[in-house]
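Step one of this worksheet: look at the structure below.
The values are calculated or read from the model by the stated rules, or taken from the named source; none is laboratory data. As the structure is a prediction and not an experimental result, all values here were calculated from the model. Don't worry about glycine lacking a Cβ; one is built from the backbone with ideal geometry, like all the others, and counts go over all protein chains shown.
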Amino acid sequence: MRLVLVGQPNSGKSTIFNAVAGYRSLSANLPGSTIDYTRGRAEIDGSSVEIVDVPGIYSLQVSNEVEKTAVEFLLDAGPDTVLIDVIDASVLARSLELTLQLAELRRPMVVALNMSDEVRRKGVELDAGRLADRLGVPVVETVGRSGEGILELFRAAVRAGRERRVPAVLP
């Protein structure tokens, strides 16, 4: 099984990758700081999985060579691929446009509401359950820097892959 971390630049994909794969990929607060995909392996609930961190994208519509690398990887992904859509929870509305595009790929998927601690610190409540109901996929609140929710996220991704859980068809 292959778990692919996808999301907008600076959503925390590489930080989450590093927490699970134990590999130090380039993680910086710069758009496009991951310029190629990075691979690692991990053991999750008895399953050996490949984890791939692709460059950040805003859309499946390619606007530069870095995005082209990520989008081509996603479009060519095999049937054993599970998408982990990493969203910066502080810009949820902006991030959901990509989420809806990823849902149209009809691949098993889970959503990470990353940096959820920053949102809670501002007094905003996240409703991961409601979002999960709307999307038809698991949604997990995470904090990449501290590791909060990361194990739960990857367990949900492995379950989604085993169950072939794809996003709901949204109107």
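Filtered by the rule that a residue be among the small types (G, A, S) and either under 22 Å from A70 (Cα atoms) or not in a helix (DSSP H, G or I) (or both), segment 98-126 gives A103, A112, G123.
Residue pairs whose Cβ atoms lie under 9 Å apart, separated by 6 or more positions or on different chains, with the first residue in segment 94-110 and within 21 Å of F154 (Cβ to Cβ) and the second aromatic (F, W, Y) and not in a helix (DSSP H, G or I), are L98/Y58.
Quick one: A156 ticks every box in (1) surrounded by 21 or more Cβ atoms within 10 Å (Cβ to Cβ); (2) within 17 Å of G7 (Cα to Cα); (3) at pLDDT 95 or above except a single one, so which number is it? Going through (1) surrounded by 21 or more Cβ atoms within 10 Å (Cβ to Cβ); (2) within 17 Å of G7 (Cα to Cα); (3) at pLDDT 95 or above one by one, A156 breaks only (2). Would you mind stating whether S95 is over 21 Å from I44 (Cβ atoms), of a type in the set (G, A, S) and not in a strand (DSSP E or B)? Answer is yes for this residue.
Any residue at all in segment 73-87 that's within 19 Å of D45 (Cβ to Cβ), hydrophobic (A, V, I, L, M, F, W, C), touching an Asp or Glu at 6+ places or on another chain (Cβ under 9 Å) and in contact (Cβ under 8 Å) with a residue 60 or more places away in the chain? There is no residue in segment 73-87 that is within 19 Å of D45 (Cβ to Cβ), hydrophobic (A, V, I, L, M, F, W, C), touching an Asp or Glu at 6+ places or on another chain (Cβ under 9 Å) and in contact (Cβ under 8 Å) with a residue 60 or more places away in the chain. For segment 122-140, taking the residues that are more than 15 Å from L96 (Cα to Cα) and either modelled with pLDDT under 95 or of a type in the set (F, W, Y) (or both), the one that is surrounded by the most Cβ atoms within 10 Å (Cβ to Cβ) is identified as V124.
The test for being of a type in the set (K, R) and surrounded by 15 or more Cβ atoms within 10 Å (Cβ to Cβ) holds for R107.
If the condition is being surrounded by 16 or more Cβ atoms within 10 Å (Cβ to Cβ), at pLDDT 85 or above and assigned to a loop (DSSP other than H, G, I, E, B), then segment 24-59 contributes V54, P55, G56, I57, Y58.
Take the conditions in a helix (DSSP H, G or I) and in contact with a helix residue (DSSP H, G or I) (Cβ under 8 Å, 6 or more places away or on another chain) and apply them to T69. Does it pass? Judged against the criteria, T69 is not a match. Of the residues making up segment 5-23, those that are assigned to a loop (DSSP other than H, G, I, E, B) and either touching a residue at least 60 places away in the same chain (Cβ under 8 Å) or under 20 Å from V71 (Cα atoms) (or both) number 5. The single condition among (1) assigned to a loop (DSSP other than H, G, I, E, B); (2) free of Cβ contacts under 8 Å to residues at least 60 places away in the same chain; (3) in contact with a strand residue (DSSP E or B) (Cβ under 7 Å, 6 or more places away or on another chain); (4) not hydrophobic (A, V, I, L, M, F, W, C) that P167 does not meet is (2).
No other residue among S90, S95, S146, S116 is exposed (fewer than 15 other Cβ atoms within 10 Å of the Cβ), of a type in the set (S, T, Y) and touching an Asp or Glu at 6+ places or on another chain (Cβ under 9 Å) apart from S146.
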